[in-house]
1. Just wondering, is there one or more residues in region A:224-239 that are of a type in the set (Phe, Trp, Tyr), closer than 30 Å to residue A:40 by Cα and at pLDDT below 95?
2. Pairs please, first residue from region A:278-298 and aromatic (Phe, Trp, Tyr), second anywhere and buried (at least 23 other Cβ atoms within 10 Å of the Cβ) and outside any helix (DSSP H, G or I), Cβ atoms under 9 Å, 6+ apart in sequence or on different chains.
3. Restricting attention to region A:419-434, does a residue exist that is farther than 18 Å from residue A:330 by Cβ and not in a helix (DSSP H, G or I)?
4. With A:192, A:239 as the choices, which residue is more than 9 Å from RNA strand B (Cβ to nearest atom), part of a loop (DSSP other than H, G, I, E, B) and surrounded by 15 or more Cβ atoms within 10 Å (Cβ to Cβ)?
5. Mind checking which residues of region A:319-346 are touching a residue at least 12 places away in the same chain (Cβ under 8 Å) and charged (D, E, K, R)?
6. Check region A:406-419 and report whether any residue there is under 20 Å from residue A:351 (Cβ atoms) and either within 16 Å of RNA strand B (Cβ to nearest atom) or of a type in the set (S, T, N, Q) (or both).
7. In the set A:337, A:350, A:363, A:296, which member is among the small types (Gly, Ala, Ser), part of a helix (DSSP H, G or I) and either more than 25 Å from residue A:58 (Cβ to Cβ) or within 10 Å of RNA strand B (Cβ to nearest atom) (or both)?
8. I need the full set of residues from region A:367-387 which are under 22 Å from residue A:353 (Cβ atoms) and either modelled with pLDDT under 95 or acidic (Asp, Glu) (or both), in order please.
Amino acid sequence: MALRFYNTLSQQVEPFEPQDGKTVRMYTCGPTVYHYVHIGNLRTFTFQDLLRRWLLYRGFELQHVMNITDVEDKIIRKAMEEGKTIQQYTSQYETAFLEDMDRLRMQRPERLVRATEHIPEMVEAIEKLAAGGYTYTSDGSVYYRISKFPDYGKLSHIDVSGQRAGARVDVDEYDKADARDFVLWKGRRDGEPYWDSSLGAGRPGWHIECSAMAMKYLGDTLDIHAGGIDLTFPHHENEIAQAEAVSGKPFARYWLHAEHLMVESQKMAKSLGNFYTLRDLLEGGYEPEVIRYLLASVPYRKKLNFTFDGLRAAATALERLRNYKLRLETGKFSGDANSAALDATQKARAAFDEALDDDLNTAEALGAIFEFVRETNTAMDEGKFGAGNAKPAQELLDHFDSIFDVLRPKQKEGAICDAEVEALIAERTQAKKTRNFARSDEIRGLLAGKGIVLEDTKDGVRWKRK
RNA sequence: GGCGCGGUAGCCAAGUGGUAAGGCAGAGGUCUGCAAAACCUUUAUUCGGGGGUUCGAUUCCCCCCCGCGCCUCCA
């Protein structure tokens, strides 16, 4: 079956095809840069990265835009507390975010766009909404009048008619005519950053940035809009209300939402002391690739229960795959391709692709890979894996890694170089020939101290960095 | 209360109207100077509970129990 995704809009799995059949226009909600992103954020971004890669593998061209929210209540408050401008305050976290992306091997979207660099676009969108009668002004702020947009609620499947005006406390501290309404433009307040505009001095509301930037770079109708599940309402619902009121066209064809990550079965929260950033985990000695593997291994629509046991299990599982890769690269295989091993490889490849086509079922895709690894390992043990089997196997592994991107660990700084390792291995081999096991073990220990693991195999010594 | 997601072996987790992938952990074994790596066997007569439909349900329907999320700015 062809590529398909679960669409929040229809609440069904639907075949996917970009509107022009060729280029996927995708917008994903990026971070609000008021702190380091946490592993829950990274789970969502990992999903977006897998999505990117799979779309590219499937032959589509990709125009992927990710926003960076760099003006927002919390940012303003924090920046003011620290006596910084919001740019000074956010730039450190934006840089940190990009570093985190790199460490987790996330590809950069075609465009990363900052909210503060698109104020005119947002003002223009709000003006259009105003012209259409979708807005009202109260106390210097501009609001979206939800009652003007009959489709409101179609994404989150929430019936807003039951929510009465004024039923809830106005946490925004701005006056609204209806509790359901949301702010498009916040009037200037003392001490806060603001922009002068035809709407008056002020700053944009959160939701308008995504609608305005998405439409600017991707057109009125996106193919895919993705983000965390908690953004479904109200953020994405509001984006739809804004964009569709402006353009009169559907805003996005497919809405994909990643489920949350839990920590030890609990919601991650600073108050629970289970709030982790990537930095926290790296300081704990966990490899970024292991973290990526763990985040990628649970299908995106399922809650991911993050535990340190799980992280250790991921490390072991990943090591198994890397051992296999090493065996494939260093093993001496001879003879023609064994047909059973070839079948196993082809079968795994088909199963892997089919699993990812099926709404990015990464768990099933991994299952196919591990099965392939076991079957071909057995074949190697039994001498039923010929030289002709190595290439297809290698290609499958490369294919896997072009999506998961976890097999090649980053070389550590100051590590012993290959030549030195090889020289010591040669000496050890000599020592073994003369049955000088004391020296042989000494060299093994020496290398182990430098993070090098030796394995004696029938084809010679195999070594790896750990 | 409304909307949504989920409850599958010790843990993580896939899955289908026809009788349970895969990973981790555990136990035993093969191999081995040692150490690894790898492989084999073993670990769910059963898929939260109870009804129903069916020749047959973990998979469809109904009810119940439990966990979690959203319901105004949290990925």
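The values are calculated or read from the model by the stated rules, or taken from the named source; none is laboratory data. What you see is a predicted model; the values in this text were computed from it and never measured. Every residue, glycine among them, receives a Cβ derived from its backbone with ideal geometry; neighbour counts consider all protein chains shown.
1. Kept after step one, since they are of a type in the set (Phe, Trp, Tyr), are these residues of region A:224-239: A:233.
Still in the running and closer than 30 Å to residue A:40 by Cα: A:233.
Filter once more, keeping what is at pLDDT below 95: A:233.
Yes, region A:224-239 contains a residue that is of a type in the set (Phe, Trp, Tyr), closer than 30 Å to residue A:40 by Cα and at pLDDT below 95.
2. So the pair list comes out as A:293/A:406.
3. So far as region A:419-434 goes, yes, one or more of its residues are farther than 18 Å from residue A:330 by Cβ and not in a helix (DSSP H, G or I).
4. Going through A:192, A:239 in turn, just one is more than 9 Å from RNA strand B (Cβ to nearest atom), part of a loop (DSSP other than H, G, I, E, B) and surrounded by 15 or more Cβ atoms within 10 Å (Cβ to Cβ): A:192.
5. The initial filter retains those residues of region A:319-346 that are touching a residue at least 12 places away in the same chain (Cβ under 8 Å), namely A:320-338, A:340-342, A:344-346.
A:320, A:322, A:325, A:327, A:329, A:332, A:336 - these are the residues of region A:319-346 that are touching a residue at least 12 places away in the same chain (Cβ under 8 Å) and charged (D, E, K, R).
6. Going residue by residue through region A:406-419, those that are under 20 Å from residue A:351 (Cβ atoms) are A:406-407.
The next check asks that each one be either within 16 Å of RNA strand B (Cβ to nearest atom) or of a type in the set (S, T, N, Q) (or both); those that pass are A:406-407.
So far as region A:406-419 goes, yes, one or more of its residues are under 20 Å from residue A:351 (Cβ atoms) and either within 16 Å of RNA strand B (Cβ to nearest atom) or of a type in the set (S, T, N, Q) (or both).
7. Details: A:337 fails: part of a helix (DSSP H, G or I); A:350 fails: either more than 25 Å from residue A:58 (Cβ to Cβ) or within 10 Å of RNA strand B (Cβ to nearest atom) (or both); A:296 fails: either more than 25 Å from residue A:58 (Cβ to Cβ) or within 10 Å of RNA strand B (Cβ to nearest atom) (or both).
It is A:363.
8. Within region A:367-387, A:371, A:375 meet the criteria.
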